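Take a look at the structure set out below.
The values are calculated or read from the model by the stated rules, or taken from the named source; none is laboratory data. Computed from a predicted structure; not experimentally measured. Heads up, the Cβs are rebuilt from the backbone with ideal geometry, glycines too, and the neighbour counts pull from every protein chain shown. Heavy atoms of the whole protein, side chains included, go into the accessibility calculation; ligands, DNA and RNA do not. Shrake-Rupley method; radii C 1.70, N 1.55, O 1.52, S 1.80 Å.
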Amino acid sequence: MAREIIGQLIAEGLRFGIVVSRFNELVTRRLLGGALDALKRHGASDEDITIVWVPGSFEIPLIARKLAESKEYSAVICLGCIIRGDTPHFEYVASETAKGIAQVALTTGVPTIFGVVTAEDLHQALERAGGKQGNRGADAALAAIEMANLIRSL
Ligand code: INI
């Protein structure tokens with residue numbers, strides 16, 4: 001019989017760092033709300049959650065790395081919102097943010113979760129931040145809980 005390993009969705013006793021961007025705060029506050037709700041409903045306590053605000057998505061990876069390197073957190077959740085219509089350098093901001101977050105996870109070994117919404121316009125972004133398309137912040141929190149447990153069990 002093959003051995004299967006699956007990360008549990010139990011957040012009790014785990015510590016989470018959340019890095020959230022102020023750019024497009026209307027959206028990112030909703031992502032943060034979704035993430036906190038998901039963490040707490042799975043057993044995380046307030047004192048085990050640290051939230052750090054950064055100016056924009058581009059700044060997320062540096063602070064995520066600081067948190068991950070501190071080894072204080074079971075997982076780091078990165079929340080941001082990049083809207084194509086707002087910037088001619090959308091592709092650069094989006095790809096550097098994604099690459100930077102992936103690099104933090106791979107270099108530190110701490111699950112570092114990509115909860116950055118990329119959207120064509122504000123309407124589409126809001127749909128992914130508690131609207132019709134769910135809440136990417138809550139999804140990111142669930143991925144963080146699962147990955148933190150998975151890493152522990154390997
Ligand atoms: N930052 C975002 O998080 N979302 C955006 O849509 C965005 N736009 O449109 O430019 C954005 N730009 C700021 C960027 O992340 C940095 O904060 C800035 O370039 C300073 O380094």
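Numbers below:
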| quantity | calculated |
| --- | --- |
| Charge context of residue 72, other residues only, Cβ under 11 angstrom, K/R +1, D/E -1 | +1 |
| Lysines with Cα under 24 Å of residue 99, excluding same-chain neighbours fewer than 8 positions away | 66, 71 |
| With all protein chains modelled, accessible area of residue 154 [1.4 Å, Å²] | 140 |
| The chain, helix-only ellipticity at 222 nm - DSSP H runs n ≥ 4, -39,500 (n - 2.57), divided by all residues, nearest 500 | -14500 deg cm²/dmol |
| Helix axis angle, 136-153 relative to the chain longest principal axis, alpha carbon, degrees | 30 |
| Radius 12 Å from Cβ of residue 19, net charge of other residues (Lys, Arg +1; Asp, Glu -1) | +2 |
| Prolate/oblate/rounded call for the stretch 12-102, Cα gyration tensor, a/c under 1.5 rounded | oblate |
| Among 47, 59, 120: highest mean-square fluctuation, GNM of the chain, C-alpha pairs under 10 Å | 47 |
| Gained length - residue 153 relative to residue 89, 0.36 nm times residue gap less alpha-carbon distance | 19.0 nm |
| Surrounding net charge for residue 39, when Lys and Arg each add one and Asp and Glu each subtract one, Cβ distance under 10 Å | -1 |
| Carbon plus sulfur fraction of accessible area for the stretch 55-151, probe 1.4 Å, in percent | 57 |
| Difference of contour (0.36 nm per residue) and Cα-Cα distance, residue 26 to residue 127 | 35.2 nm |
| The stretch 5-154 - accessible surface per residue (Å², probe 1.4 Å) | 50 |
